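Participant: Encoded as structure tokens, here's the structure I'll be asking about.
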Amino acid sequence: MKEIYFDNAATTRVRPEVIELMDEVMGENYGNPSSRHILGVRAENYIKTAAGQIAATLKVKPQEIVFNSGGTEGNNMALIGTALARKGYGKHIISTNIEHAAVYKPLELLESLGFEVSIIGTDSKGHVDMEALKAAIRKDTILVSSMWVNNEMGAIEDIAAMGRLIKEANPRTYFHSDAIQAYGKLTLRPKEAFVDMMTVSAHKIHGPKGAGFIYINEKAHVDPTILGGGQQKDRRSGTENVPGIAGTGLAAELYKKEHAAIESRMLEIKDRLTDRLNAMEGVTVNSEKGKLSAPHIVSASFDGVRAEVLLHALEEKGIYVSSGSACSSNHPAISGTLKAIGVKNELLDSTLRFSFGIYNEPEEADEAADCISELLPQLRRFRRY
């Protein structure tokens, strides 16, 4: 049975080139980058190389890249680190109602510590209400946080317009973007978009799990949230994960070289699947076609069929999809994003996410659609009334 992996927004298969490099680091150049002997120097050079590779994809400086364990740590550092560093200027933070748990959970913590959090709404396609954002910014607003691409439905936020608005309203307000689903799919220029901090996770771009980075503008002051030996210029303590960092850098460099071809192929897969789903009775596609949303995500709701039931029926046919954010599967609940964009109540637990990567081909969209078309009438016989 052929496997069709349409769950790349959850995680991706690591590239062979990345595996080979990481094996080399672990097996041959395994020194601690803080050691002063040759093995330590070699390890440190991998970190410098990776910082340069990543900085080149964003047109930022290598010293503005801080390596960490991935998106969750990066978001925690951006939010909590900014709050700690900027509390003398104010205690007001703004975010949106479609963020990942790695953003809203730290915000809950900050609220318990006396910070005030304002949540901005979105339209039916997941785009932030710009007028509401403008009205929410105050003199004591120290931070605005908005994801660049929504992880469940692929909505692309106009981060540059948001950044411009924020800086015009209050130049001292920092702007953070969770770019975990945007990096490697879109061309990102954080400096041009007035973004002070941006978080990325390696395993979303065919790199290793447990590795990632945060871009921090050299002029931004963000307190460290992990303290210890003072590695990475005191910004993130702990012995660096050199194999993971090297793999992240290579994955980023490969994406930069192949970006145009990858985006074109994923857009074709996305639009072919979207067209097929739109033609099916009782199916509502929540994502926008073409470049109006991310090229690698399609969210669709299936009337009369629970998402979990359809997910496992597709799994039996070798097709792997998701019923929402992968992280939320540990604590199943109705998606806050779907509620926020106004998906009908009866469809909230009937929505699947299809997401694509570099190993997918356009014809897989048709194969998956054929299976769905075959399964829906069978599964709807058991629908609940």
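The values are calculated or read from the model by the stated rules, or taken from the named source; none is laboratory data. Nothing here was measured: the structure is a model prediction, and the numbers come from that model. Using ideal geometry, Cβ is built from the backbone for each residue, glycine included, and neighbour counts are taken over all protein chains shown. All accessible areas refer to the heavy atoms of the entire protein, side chains included, with ligands and DNA or RNA removed. Shrake-Rupley method; radii C 1.70, N 1.55, O 1.52, S 1.80 Å.
Participant: Might you check whether a residue that is at pLDDT below 95, β-branched (Val, Ile, Thr), surrounded by fewer than 18 Cβ atoms within 10 Å (Cβ to Cβ) and more than 16 Å from Leu379 (Cα to Cα) occurs anywhere in segment 338-357?
Facilitator: No, the conditions are met nowhere in segment 338-357.
Participant: Another question, then. Given the condition in contact with a helix residue (DSSP H, G or I) (Cβ under 7 Å, 6 or more places away or on another chain), surrounded by 15 or more Cβ atoms within 10 Å (Cβ to Cβ) and assigned to a strand (DSSP E or B), answer yes or no: does some residue in segment 82-90 qualify?
Facilitator: Step one: filter segment 82-90 for residues in contact with a helix residue (DSSP H, G or I) (Cβ under 7 Å, 6 or more places away or on another chain), giving 83.
From the residues that got through so far, the ones that are surrounded by 15 or more Cβ atoms within 10 Å (Cβ to Cβ) too are 83.
Going one step further and asking which of them are assigned to a strand (DSSP E or B), we end up with none.
Checking segment 82-90: not a single residue is in contact with a helix residue (DSSP H, G or I) (Cβ under 7 Å, 6 or more places away or on another chain), surrounded by 15 or more Cβ atoms within 10 Å (Cβ to Cβ) and assigned to a strand (DSSP E or B).
Participant: Please enumerate the residues belonging to segment 102-127 that are open to solvent by 30 Å² or more (accessible area, probe 1.4 Å) and of a type in the set (Phe, Trp, Tyr).
Facilitator: Tyr104
Participant: Output yes when any residue across segment 172-190 is more than 30 Å from Phe356 (Cβ to Cβ) and either touching a residue at least 40 places away in the same chain (Cβ under 8 Å) or surrounded by fewer than 21 Cβ atoms within 10 Å (Cβ to Cβ) (or both), and no when none is.
Facilitator: yes
Participant: Taking only segment 1-55 into account, find how many residues are among the small types (Gly, Ala, Ser), assigned to a helix (DSSP H, G or I) and crowded, with 18+ Cβ neighbours inside 10 Å. Walk me through it before giving the result.
Facilitator: The first filter runs over segment 1-55 and keeps only residues among the small types (Gly, Ala, Ser), leaving 9-10, 27, 31, 34-35, 40, 43, 50-52, 55.
Narrowing the set further to residues that are assigned to a helix (DSSP H, G or I) leaves 27, 40, 43, 50-52, 55.
Now narrow it down to the ones that are crowded, with 18+ Cβ neighbours inside 10 Å: 43, 50-51, 55.
Qualifying residue count, segment 1-55: 4.
Participant: Out of Glu99, Glu73, report the one residue that is outside any helix (DSSP H, G or I), charged (D, E, K, R), in contact (Cβ under 8 Å) with a residue 40 or more places away in the chain and surrounded by 17 or more Cβ atoms within 10 Å (Cβ to Cβ). Walk me through it before giving the result.
Facilitator: Numbers: Glu73 fails: outside any helix (DSSP H, G or I).
One residue alone meets the criteria, Glu99.
Participant: Output the residues belonging to segment 185-211 that are assigned to a strand (DSSP E or B), touching a helix residue (DSSP H, G or I) at 6+ places or on another chain (Cβ under 6 Å) and farther than 24 Å from Ser264 by Cα.
Facilitator: Initial filter on segment 185-211 (assigned to a strand (DSSP E or B)): 186, 197-201.
If we keep only those that are touching a helix residue (DSSP H, G or I) at 6+ places or on another chain (Cβ under 6 Å) as well, we get 197, 199, 201.
Correct list: Met197, Thr199.
Participant: State yes or no: is Gly282 over 26 Å from His176 (Cβ atoms) and of a type in the set (Gly, Ala, Ser)?
Facilitator: Details: over 26 Å from His176 (Cβ atoms): yes; of a type in the set (Gly, Ala, Ser): yes.
So Gly282 passes the test.
Participant: Another one. State whether the residues of segment 128-137 include one that is more than 22 Å from Leu165 (Cα to Cα) and open to solvent by less than 30 Å² (accessible area, probe 1.4 Å).
Facilitator: Here is the first cut: in segment 128-137, the residues more than 22 Å from Leu165 (Cα to Cα) are none.
Taking every residue of segment 128-137 in turn, none turns out to be more than 22 Å from Leu165 (Cα to Cα) and open to solvent by less than 30 Å² (accessible area, probe 1.4 Å).
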